[in-house]
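Novice: Take a look at this one; I'll ask things after.
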Amino acid sequence: LSVGYLLAVFSLQVTQQSTPRVPSPAILLLLGPFLYDAGFTLCRRWWRGEPLTEAHRSHLYQRLIATGQSHRRVALTYYLLSALGGLGALVYGRAGEKGRWLLLAVAIGLCGGLTVTVWSAERRVRAVTSRDHTKEQT
């Protein structure tokens, strides 16, 4: 929570008080993977009727680890997404309107790709578990 608060304060400060001002979408690109993970998880939990304020293990990064991915690999994936978002944030201020829309579309695509990766990994684990369970019954 403390890190999230600091990032939010930093984001507000650079979009409102810095010279030159940083465009708000550039901050979204920079923090995109983390904001997407949190937002996606909250929406998913709300849709399922799960309590939003209780501890859980349903963030995308936690679900990747639950499928057998190492902490290192998941962290490197998020570092890479953050680095790409940071690069996009740097380019955003200099890009024209079409370039800005393209950057945002790529960021959305990367976040969607992360979601598909999690779903695919979970599906593989379920298939292996189901196959192993079927073998045990025979």
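Novice: In degrees between 0 and 90, to the nearest 10, how far off the longest principal axis of the chain does helix 24-47 point, with axes built from Cα atoms?
Specialist: 30
Novice: If you take the C-alpha gyration tensor of the stretch 58-138, multiply each eigenvalue by 5 and take the square root, what semi-axes do you get, largest first, in whole Å?
Specialist: 37, 13, 6
Novice: Take the Cα of residue 87, step 7 Å along the line toward its Cβ, and report every residue of the stretch 109-123 whose backbone nitrogen sits under 14 Å from that point.
Specialist: 110
Novice: Now, a different point. Would you kindly state how much longer the chain becomes between residue 48 and residue 135 on full extension, computed as 0.36 nm times their sequence separation minus their alpha carbon distance, in nm to one decimal?
Specialist: 28.1 nm
Novice: If you don't mind, there's one more thing I want to ask. What number does the stretch 31-104 give for Rg over Rh if you use C-alpha atoms and the Kirkwood radius?
Specialist: That ratio is 1.09, to two decimals.
Novice: Would you calculate a helix-derived [θ] at 222 nm for the chain, using -39,500 (n - 2.57) for each DSSP H run of n ≥ 4 and dividing by the full residue count, to the nearest 500?
Specialist: Calculated mean residue ellipticity at 222 nm is -27500 deg cm²/dmol.
Novice: In whole Å, what three semi-axes, largest first, describe the equivalent ellipsoid of the chain built from its Cα gyration tensor (square root of 5 times each eigenvalue)?
Specialist: 35, 17, 13
Novice: In the neighborhood of residue 67, defined by Cβ-to-Cβ distances under 10 Å, what is the net charge if each Lys or Arg adds +1 and each Asp or Glu adds -1?
Specialist: Neighbourhood net charge equals +3.
Novice: Pairing the Cα long axis of helix 97-137 with the longest principal axis of the chain, what angle in degrees results, from 0 to 90 and rounded to the nearest 10?
Specialist: 10
Novice: Taking loop as defined by DSSP and a crowding limit of 15 other beta carbons within 10 Å, which trypsin sites (Lys or Arg not before Pro) in the stretch 84-122 fit?
Specialist: Here the trypsin sites (Lys or Arg not before Pro) that fit, given the DSSP loop and packing criteria, are 94.
Quick note: the coordinates plus some simple rules give every number you see, no bench work behind them. Because the structure is a prediction, the values reported are computed rather than measured. Note: ideal-geometry Cβ built from the backbone for every residue, glycine included; neighbour counts use all protein chains shown.
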